[in-house]
Amino acid sequence: MFASVRSATLLGVRGSRVDVEVHAGIGLPGFTVVGQPDEVCRESRDRVRAALLSCGLPWPTRRVTVNLAPTGDRKSGACLDLAIAIGLLAAQEVVAIDALANFAFVAELGLDGSLRPVRGATPLVLALTDRMAVVAPENLAEASAATPAQVYSAKNLRDVVECLSRRADWQCSKSFDLNSGESTSLNRDVGADATALNSRDLADVQGQPVARRALEIAAAGAHHLLLVGPPGAGKTMLAERLVGLLPPLTDDEAISTTMVHSSVQLESPNAGLIRRAPYRAPHHSSSMVSMVGGGTALMRPGEISLASNGVLFLDELGEFAPSVLDALRQPLEQGIVRLARARTSVVMPAKFLLVAATNPCPCGEGTPGVCTCDDAARARYLRRFSGPLLDRFDLRVAVSRPNTNELLSPERGESTSEVAKRVANARQIAFARFKCANSALTREQLDAVAPLSKKAEQRLRRELEAGHLTGRGYHRVRRVARTVADLNGAPEVVDDAHLNLALMMRVDLASGLRSRELVF
Amino acid sequence: MSSILSNEQLAAASLSALPKIGPKRLTTILKYHDPQTAWAVVQGRAKPHVVVAALMQENGLGQMWRANATLSLQQQILGRCKKASIHVALISEENYPRCLKNDISPPAVLFYQGDLQALATRRVGMIGTRSATASGRYMTSHLAFELAMNGVCVISGLARGIDAWAHHGVLRAREKKSASAIAAAPVGVVASGLDYVYPKEHADLWRNVAQAGALVSESPPGAPPEAFRFPLRNRILAALSEVLVVVESKDRGGSMITVDEAQKRDITVLAVPGSPRNIASAGTNMLVQQGCLPVVNVDDILVALGLDNRRANDNSFDPRPRLAESDAHVVAMMVGAPFTLDEFVMRTGVPLLEAAICLGRLEALGWVINNSGWWEVIEFGQRYS
């Protein structure tokens, strides 16, 4: 007998449909899975067998072949367990084949027949929108986060059979509507310490007027930010507070971010659509694959995809492997990462705001006269950052340690909510122009929307003539200046003040090493 | 035997290349033997003087020297000297610098590149920290420039930081003056062998100093910059100077060793005072506290040398435009130690956007300079008020 059951497996951050075909025919009793299953997938035989027997369901004593179509793609993970079990039951006519036509199954089986949650419920179910998807109860919220269709669930294999035979009712998700107020109840933050992150307010930052403004500009114009300062200056503290300034994710962003996060399964059972910008801070020992994504069969998304639509914070930038840092360059330009392996290639989102922190020199102090590093040591240290990477930071800001007075001052700075208002306002102005953040403006667009005042033009000319700015730097400065002007309520012309601030937030790390023409 | 070194010089040079032969032991040996005999003595071919014999008894020095005093060592020294055109001056010889000859512990053998005639004028040593602030560097090269223009030889250690900038200033003066009269030549006193450039990035500077003036070392060619050589170098530097100027120095370190050596020799030490906020000036401020005369401009050094300072005044002119009152106020507030934009905003109370304009303007006028995110006010004289 033959049955075909719809399911899906995960590839990168997307689900791809799989038809599980089960044939039980004459021959010596046996069980083979074909169609490029991976190790976990092949082991499903034992899980399915135990699950069926635990639930008092029959195991066929015939020659069984399970084919996973399309056979060309590699299947991985245990998400096909339930589909195989249902296929076996249909092939034995325990379940009516007709009853399966509208269903799809995505769940792992326990030996006791219970349905277990799987990684990537959101993208898997999103690939099955034309069917009624059945998932484990723990996956229900996550699975229904982004799909417009209803998602069904049951506790164990026995219940699934009952429901399919209409002798019992499915457990259903609430119907999902992006625009309804109801979906907000599913909104959530990302990561285990999400609540801790929420409570981090910009008002906690004492002093640091420049770094504060840099955060505001970075959030408003989506400019990548490099914080340079001695240990204890509060670089990490500042970076953590940047996410709070970003506006909530739009629908498209929310779905894409939820899919990425779902596919690495970081979620709790009551997960919903991610509405807040994610914040990721990988350690500097992170490998290339963990950062950009990859793996042999299953193409797992890396940190840059997990940070997509949010903030990727790289603390101690100089300690990261140079190859890892340079691998960030292409995603930074394109907003996606395209990974190719011998068997597969996937595209994953990587539209993140990069914030990095570094010490100015090996001893960490940086302040001339206090720093104990000689020029050679400093030059060696700076050589860890490739020029092209440094060039991608529109904002490079020196952060100094707050002094005693600031630390002890009872005065609180502006709070996150106040600054976020200005950021939202500036973003609105920017998006009203070209539907993109200021950092993504092309040269032609820049000429159209960021005309320079006479004084500002003179200033830029001077910088260019002195050789402090390259052609590319010139455009980057203008983009930042555009954002500064937006924040300061000057949506038309970019003024001298805006430009000066943009220039000052572009610290040239190596300038202290160059001997300059002396002034006498 | 060769054109570059006489037999005597070669023997003395080879002696100085023996292991564990410091300036003291070398001086003792050369006091009782002439160089060629001394070489034969360490080789065991001649009978040592009683004192030298006693010296060679210590810790098996004699055996060690005998094992090392080979013909190949001699040829190696000769080869290195030829290759890098290194000359030797023995204390007994005519071309040995007169100012060293009467010193309390003169080096018995002196290696040099260039021309020792550079020392035949008034001499000022300039020393300081290796990690200098921008204004320290400017002050150094400015003073060195002015001194060279006034015909005073500037002696320095060619280390990183202040030392190097002193010679940058001198070389600049030579460039500027080459048409009419020649500015005084620079002299570098280094710790390693003359063909062992340290720090490496100063290779050009070494060459230029050797070409324009002289490069002096007590260490034989090929000697690496070992730690013990630096205090010895500092002693020569102090001995060669008539006046020693400390530009920026922390309260401990190599500069302070040189100052001690100078004080032992009764050489005038001058210090450039800095802001109490500036850690790089802690040492010089301490010296001023202890009674060293402060250096505000080049006149102070010229006066210490007993020279006419009228010509110097022509050059001590600050060409920068005068500042508006508000800018002058800001500059007066920030002068002293390096500061970040943060500190500027906080100390002056100027809003960030205006601060950006203000610093941009001051930078264009040459009043402040930005190094890797740290700003500094560049001051000469008191023109900012």
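The values are calculated or read from the model by the stated rules, or taken from the named source; none is laboratory data. The shown structure was predicted, so the numbers you read here are calculated from the model rather than taken from an experiment. Because the Cβ atoms are built from the backbone with ideal geometry, glycine has one as well, and the counts that use them run over all protein chains shown. These accessible areas exclude ligands, DNA and RNA; they are computed on the full protein's heavy atoms, side chains included. Shrake-Rupley method; radii C 1.70, N 1.55, O 1.52, S 1.80 Å.
A few comments on the model shown:
- Cβ-Cβ distance of A:Ser386 and A:Arg166, R₀ of 56 Å, FRET efficiency by 1/(1 + (r/R0)^6): the value works out to about 0.30.
- Gyration tensor over the Cα atoms of the range A:194-428: the corresponding equivalent ellipsoid has semi-axes (square roots of 5 times the eigenvalues, largest first) of 30, 24, 14 Å.
- Computed from the C-beta positions of A:Ala510 and A:Leu464 and an R0 of 30 Å, the FRET efficiency is 0.95 to the nearest 0.05.
- Space enclosed by the convex hull of the alpha-carbon atoms of the range B:329-372, per residue, Å³: 74
- Residues in the range B:36-51 that a label on B:Lys20 would reach, taking backbone N under 13 Å of a point 7 Å out along Cα→Cβ: none
- Maximal additional length on extending the B:Asp103-B:Arg347 stretch stands at 82.7 nm, based on 0.36 nm per residue less the C-alpha distance.
- Helical mean residue ellipticity (222 nm; -39500 (n - 2.57) per DSSP H run of 4+; nearest 500) of the protein assembly as shown: -11500 deg cm²/dmol
- The percentage of C-alpha pairs in the range A:2-172 whose separation is greater than 25 Å is 21%.
- Surface composition of the protein assembly as shown: carbon plus sulfur atoms hold 51% of the accessible area, using a 1.4 angstrom probe and ignoring ligands, DNA and RNA.
- Full-extension gain in nm, A:Ser323 to A:Arg412, via 0.36 nm per residue minus C-alpha separation: 27.9 nm
- For the range B:1-106, the Stokes-Einstein estimate of translational diffusion at 10 °C and a viscosity of 1.306 mPa s comes to 111 µm²/s, using the Kirkwood hydrodynamic radius over alpha-carbon pairs.
- The length gained on full extension between A:Thr71 and A:Leu53, counted as 0.36 nm times the residue separation minus their Cα-Cα distance, comes to 3.6 nm.
- Exceeding the 29 Å Cα-Cα cut-off - candidates B:Lys20/B:Lys101; A:Lys454/B:Lys176; B:Lys20/B:Lys82; B:Lys82/B:Lys250: A:Lys454/B:Lys176; B:Lys82/B:Lys250
- When DSSP beta bridges are restricted to pairs lying wholly in the protein assembly as shown, around 45% turn out antiparallel.
- These residues, A:Glu465, B:Glu218, go from largest to smallest accessible area, 1.4 Å probe, as A:Glu465, B:Glu218.
- With Cα atoms defining each centre, the range B:196-242 and the range A:207-245 are spaced 46 Å apart in the structure.
- Of interest is the spacing of the C-alpha centroids, which for the range B:93-124 and the range A:106-157 amounts to 90 Å.
- Take every DSSP beta bridge whose two residues both sit in chain A; close to 50 percent of them are antiparallel.
- At 1.567 mPa s and 4 °C, Stokes diffusion of chain B via Kirkwood alpha-carbon radius, µm² per second: 58
- Comparing B:Leu73, B:Leu287, B:Leu143 in a Gaussian network model of chain B, where Cα atoms under 10 Å apart are tied by springs, the biggest mean-square fluctuation is seen for B:Leu73.
- Alpha carbon Rg of chain A, scaled by the compact-globule rule 2.2 N^0.38 Å: 1.17
- If you bin all the Cα-Cα distances of the range B:116-315 at 5 Å, starting from zero, the percentages per bin are 1, 9, 18, 23, 22, 16, 9, 3, 1.
- Solvent exposure of chain A as accessible area per residue, Å², 1.4 Å probe: 41
- By a 1.4 Å probe calculation restricted to protein chains, A:Thr404 has an accessible surface near 90 Å², given to the nearest 10.
- With distances taken between every two different alpha-carbon atoms, the range B:34-81 has a Kirkwood hydrodynamic radius of 11.3 Å.
- Dimensions in Å of the protein assembly as shown - Rg and Dmax from alpha carbons: 38.2, 119
- Cα centroid separation, the range A:298-350 to the range B:342-377 (Å): 37
- Residues B:Asp260 and B:Gln75, FRET efficiency given R0 of 45 Å [Cβ-Cβ distance, rounded to 0.05]: 0.70
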